[in-house]
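Here, each number is a calculation from the coordinates, and none is a lab measurement. Because the structure is a prediction, the values reported are computed rather than measured. Cβ coordinates were reconstructed from backbone atoms using ideal geometry, including for glycine residues, and neighbour counts include every protein chain displayed.
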Amino acid sequence: MKKFQKGFTLIELMIVIAILGILIAIALPAYQDYTVRSRVSEGVAQTAPAKLAVAETASSLGALSLVTTANSGFTFSTNATDYVASISVADGGAIVTTTRSTGADVEPAMTFTPSQVSNTAPINWTCTTPAAQHKYVPAECRKTP
C-alpha cells in the first residue's frame, strides 16, 4: 500500500517564506519612495493657484517683468496642506515651492520659472530642482538650475 503525502514539507514552507522575504525586501523601499514622490507631487498641484496669479498679473500689466511679490496678489496658507511648507512668488514671476514632512532625506524645493515669447503669447513654465533632490521630484522638475 502506498503512503500519500497530505501536506507541505518543512523545506517547501521555508522556501516559500524565503521567496516572500526577498520580494518584500525589494518592494518595501520602492513603495517608500513612491509615497514620498506622491507627497512631493502635492507641491506641484498646490503651485497652480500661484501660476494663475502670475499669469493674470502679467496679462493685466502687459509683461512678466512687471510681476512682483506684492502685485501678484498671491498668498499661501501653511494650514492648507500637510506636505507643502511654503509657496512664494518672486519678482519676475518665479515661484518657489518648498515641501515639508514628505519623508525625504532633504525636503525638495522646486522653482517654477515663467517665460514668454511675446506679451500676447502663452506663458511657459520651467521647473528646476537641485541635483541632490532629483530622486523624489516629478520628471518635469529634474532639471538642474
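On the basis of the beta-carbon distance and an R0 of 41 Å, S101 and F4 show a calculated FRET efficiency of 0.10.
PRE reach from D82 (point 7 Å along Cα→Cβ): which of the range 14-52 fall under 15 Å by backbone N? In the range 14-52, the label zone of D82 (backbone N under 15 Å from the point 7 Å along Cα→Cβ) covers 35-43. For the pair D91 and A48, a Förster radius of 30 Å applied to the C-beta separation gives a FRET efficiency near 0.90, rounded to the nearest 0.05. Taking every DSSP bridge with both residues inside the chain, close to 95 percent are antiparallel. A simple charge model with +1 on the Cβ of Lys and Arg, -1 on the Cβ of Asp and Glu and nothing else charged puts the dipole of the chain at about 780 debye relative to its Cα centre. Largest mean-square fluctuation among E107, E12, E42, in a Gaussian network model of the chain whose springs join Cα atoms under 10 Å apart, belongs to E12.
Here the 3J(HN,Hα) profile of the range 126-142, calculated from phi with Karplus coefficients 6.51, -1.76 and 1.60 at θ = phi - 60°, is 10, 9, 10, 8, x, 4, 5, 10, 5, 4, 10, 8, x, 4, 5, 9, 8 Hz, Gly and Pro shown as x.
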